[in-house]
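See below for the structure under consideration.
The values are calculated or read from the model by the stated rules, or taken from the named source; none is laboratory data. As the structure is a computational prediction, the values presented were derived from the model and not from experiment. Cβ sites come from the backbone with ideal geometry, for glycine too, and all protein chains shown count toward neighbours.
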Amino acid sequence: MIEKTLSRARAGDEQAFRELTDPYRRELQLHCYRILGSVQDAEDALQETLLAAWRAFERYEDRDSLRAWLYRIATNRCLNQLRDSGRRSHPASPGIAFEPPEPTRLGELTWLEPYPDALLEGVPDTTPGPDARYETKETVTLAFLTTLQRLPPRQRAALVLRDVLGFHSSEVAGMLDQSEVSVNSALQRARATLETLTPPAPERAPLPNSPAERELVGAFADAFESGDIDRVVALLTDDAWLTMPPEPYEYQGHDAIARFFAMAYGVHDAGRLRLVPTRANSQPAFGFYVKDPQADIARARGVWVLTLEGAQISALTRFGNNGILPAFGLPRTLPW
């Protein structure tokens, strides 16, 4: 049966091509997201991958490595995107309508976007072999993605292919058109960098959708919508971070985060803020809406993603690019 489908696809049958490649679409998109850090860029790279594969399919012969063949194309499309055009400009966030307080630091990864958990549901948790060093859930968290984005592109690709997906070094070498020695050297550098940048293992977060997680996330939503800054801050770890891509401002610790929230929200916004639950990067998240003073609607202001540590929140990340809302099935406005 598979041979007939392959023959049809090589002869130009688009339906046969889709039958062969559709099972890999979601995992290829996630692969591109890991390398690019952007859902929108990942979708573009996926479409380019499928188009390139379709155009070259008559020359494809080894059906046993179809998955690896597609990963090779996808990886190189991502590397080309990073090398040739740099990061494409993403739609601007609504911005900050006030002069923000002095940040703890200015972040560099302003292109990072959250990945909807709904897209993860279609990704099979299959590893080609025992070479993978990470669990799938770990490699989609914001902490891992943030660290991964700090690696040079080829080191990043080599590490994802080898340590995340479990391809053998010889396969990775073929995908990257490099020698196995070069790949192993890149892997050593990438692993050393990750070890340096990765913080000590935090206290385990509550299980997804567990009573403990629901209680903590619910407490945050209630405090935030009420404009109760003290209650929000009380839920945070002492060294918690607040970040807000694509804005570069980053704040660490209770005092710094409280100062920002006092200027951004607070008592005067009580009753004007609304959070709509969703999930991103295997973490609890919310669509964020603010009441329009001139109409009976609330307008989207982005997506909040919470990183949990034990019974507290160790990071708050507000993604202010409303272009990501459709990927979460979130509307731009809500009736009030």
Just to be sure, is R26 surrounded by fewer than 17 Cβ atoms within 10 Å (Cβ to Cβ), assigned to a helix (DSSP H, G or I), touching a residue at least 40 places away in the same chain (Cβ under 8 Å) and touching a Gly at 6+ places or on another chain (Cβ under 8 Å)?
yes
Against the definition (under 21 Å from E108 (Cβ atoms) and modelled with pLDDT under 95), how does L194 come out, yes or no?
yes
Number of the condition not met by P114 [criteria: (1) outside any helix (DSSP H, G or I); (2) free of Cβ contacts under 8 Å to residues at least 40 places away in the same chain; (3) within 17 Å of the chain's Cα centre (by Cα)]:
(2)
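Table: residues versus (1) over 28 Å from P153 (Cα atoms); (2) surrounded by 13 or more Cβ atoms within 10 Å (Cβ to Cβ); (3) in contact with a strand residue (DSSP E or B) (Cβ under 6 Å, 6 or more places away or on another chain).
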| residue | (1), (2), (3) |
| --- | --- |
| N184 | no, yes, no |
| Q188 | no, no, no |
| R191 | no, yes, no |
| L194 | no, yes, no |
| V217 | yes, yes, yes |
| G227 | yes, yes, no |
| A240 | yes, yes, yes |
| P246 | no, yes, no |
| A258 | yes, yes, no |
Of E180, E171, the only residue that is more than 29 Å from N321 (Cβ to Cβ) and surrounded by fewer than 18 Cβ atoms within 10 Å (Cβ to Cβ) is E180
On the basis of being buried (at least 19 other Cβ atoms within 10 Å of the Cβ), under 24 Å from P101 (Cβ atoms) and in contact (Cβ under 8 Å) with a residue 12 or more places away in the chain, does N281 make the cut?
no
Qualifying residues in segment 111-129 (those that are surrounded by fewer than 17 Cβ atoms within 10 Å (Cβ to Cβ) and of a type outside the set (G, A, S)) - the one modelled with the highest pLDDT:
E121
